[in-house]
Amino acid sequence: MIERSQKALLAKRIEEEPRRFIQVIAGPRQVGKTTLVRQFIEQCRIPVHFAAADLIPAGQSSWISQQWEIARLKLTGTEAREALLVIDEIQKIGNWSETVKKEWDADTASERKLKVIILGSSRLLLQQGLTESLAGRFEIIPLSHWSYREMHQAFDFTPEQYVWFGGYPGAASLVDDETRWARYITDSLVETSISKDILMLTRVDKPALMKRLFELGCSYSGQMLSYTKMLGQLQDAGNTTTLAHYLNLLDTAGLLAGLEKFSNQEVRTRASSPKFQVYNMALQSAQQPLTFGQVRQNPELWGRWVESSIGAHLLNHARTGPLNLLYWRQGNHEVDFVLEYRNEIIGLEIKSSRSRALAGMEMFRRLFDPKKVLLVGNSGIPWQEFMQIDPLELFR
């Protein structure tokens with residue numbers, strides 16, 4: 001059974017608290033949203049109606065009202081004072097947020113204690129619907145990619161396996177056949193996320209360009225690349241505004257982020273050289289022609305994988321919590337990652353097998369007076385141990 005901290009949070013909000021908000025579980029594909037809710041339902045002590053919108057035509061918003069009525073009947077047909085409605089993949093229904101608002105407000109007016117959970121894998125589409133129609137009526141429970149600790153507990157992954165194979169639970173059984181594993185990642189996860197969570201739900205004028213940008217970003221994960229250089233490597237690239245927009249869409253799908261450069265100015269502008277960072281190391285490794293064993297034997301290449309894996313660990317915590325993740329560079333001086341939390345900053349330098357001067361850490365310390373400057377890897381915190389740390393704990 002999958003044990004994630006969000007399940008305890010969900011149970012508390014649904015069963016212990018009064019009906020206040022619609023609970024929204026949002027996260028990338030294949031991170032266990034539906035499994036988490038089904039496990040919660042098995043132990044739920046109130047009547048539940050679960051419905052999935054996977055095969056419902058996009059224009060049938062009336063389907064939501066039909067499911068709502070079924071849940072209401074379950075509530076009135078028992079002696080229970082409360083009931084629960086769960087709708088999965090709700091973003092696939094057109095105008096879903098307006099229908100949810102209408103039904104939720106009707107229950108509020110009637111003092112009907114029907115609690116609601118909605119799930120979705122497109123953060124962009126969910127956010128649009130929530131802010132446009134459901135302001136003040138929802139609370140988000142973000143779900144991230146699986147951490148090393150979760151993959152170790154569930155599948156006995158070693159830290160090295162996690163660095164290469166990442167945190168997709170559905171792919172864990174395929175790691176002994178790397179060719180099959182890589183095909184599953186690219187065909188069943190990446191292609192589906194791009195085609196269904198982005199292209200079908202958002203206007204993209206150049207889908208082939210966005211896919212090439214994703215591939216380029218994965219190959220450069222953990223590294224900075226200016227938009228000018230991106231234009232040079234991508235045919236029919238359009239302009240930097242287009243690339244920045246497509247990178248933002250990939251970010252909302254939980255695939256690839258472009259980290260901004262840290263600045264202590266109150267107004268921070270987007271860096272002309274974002275630092276690519278995959279959300280899940282499987283996305284980077286599945287496109288690599290070399291095998292896990294071959295990369296492990298190359299210290300320079302393995303160092304890149306370790307650094308990117310640390311970045312993915314930090315990114316998932318940042319996107320689902322109160323942290324902000326950036327990088328810093330000035331001239332030849334750099335710090336791999338900068339964590340920002342409540343006006344405090346921590347600089348992190350990753351040093352695995354690679355030899356690199358650490359002058360950037362001292363320069364960063366002198367310029368910004370951070371709360372901490374930490375070295376992860378050789379002569380610092382072992383990267384295997386750092387992968388088990390909640391980054392928020394570093395500020396305490």
Next item on the list: Return one quarter of the surface area of the convex hull spanned by the alpha-carbon atoms of segment 135-201, equal to its mean projected area, in nm².
Entry: 6.3 nm²
Notebook entry, point to check: Percent antiparallel among DSSP beta bridges with both residues in segment 148-395, to the nearest 5?
Noted result: 65 percent
Note to self: Which of L143, L301, L259 has the fewest other C-beta atoms within 10 Å, and how do the rest follow up to the most?
What the structure shows: L301, L143, L259
Check: If each residue's Cβ is checked for other Cβ atoms within 10 Å, how do F157, F214 rank with the fewest at the top?
Finding: F157, F214
Notebook entry, point to check: In degrees from 0 to 90, rounded to the nearest 10, what is the angle of the helix 123-133 Cα long axis to the longest principal axis of the chain?
Noted result: 50 degrees
Check: For E69 and Q297, what is the calculated FRET efficiency with R₀ set at 51 Å and r taken between the beta-carbons, to the nearest 0.05?
Finding: 0.25
Notebook entry, point to check: Roughly how many nanometres apart are two label points built 7 Å out from the Cα toward the Cβ at T241 and I389?
Noted result: 4.2 nm
Check: Hey, any idea what the orientation-averaged projected area of the convex hull of segment 75-192's Cα atoms comes to, in nm²?
Finding: 10.4 nm²
Check: If you project the alpha carbons of the chain onto the principal axes, what extent comes out on each, in Å, largest first?
Finding: 69, 49, 47
Margin query: Give me the three principal axis extents of segment 194-291 from the C-alpha atoms, as integers in angstrom, largest value leading.
Written below: 39, 34, 25
Margin query: Tell me the angle of helix 299-320 to the major Cα principal axis of the chain, expressed in degrees between 0 and 90 and rounded to the nearest ten.
Written below: 30 degrees
Margin query: Using helices alone, I'd like the mean residue ellipticity at 222 nm for the chain: each DSSP H run of four-plus residues gives -39500 (n - 2.57), total over residue count, nearest 500.
Written below: -12000 deg cm²/dmol
Check: Listing Y168, Y227 from the residue with the fewest other Cβ atoms within 10 Å to the one with the most, what is the order?
Finding: Y227, Y168
Note to self: To test your reading of the geometry: what angle, between 0 and 90 degrees and rounded to tens, separates the Cα axis of helix 207-219 from the longest principal axis of the chain?
What the structure shows: 50 degrees
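Where a number appears in this text, it was derived from the coordinates with a stated rule and is not lab data. Just so we're clear, the structure is a prediction, and the values are computed from it rather than from any experiment. Heads up, the Cβs are rebuilt from the backbone with ideal geometry, glycines too, and the neighbour counts pull from every protein chain shown.
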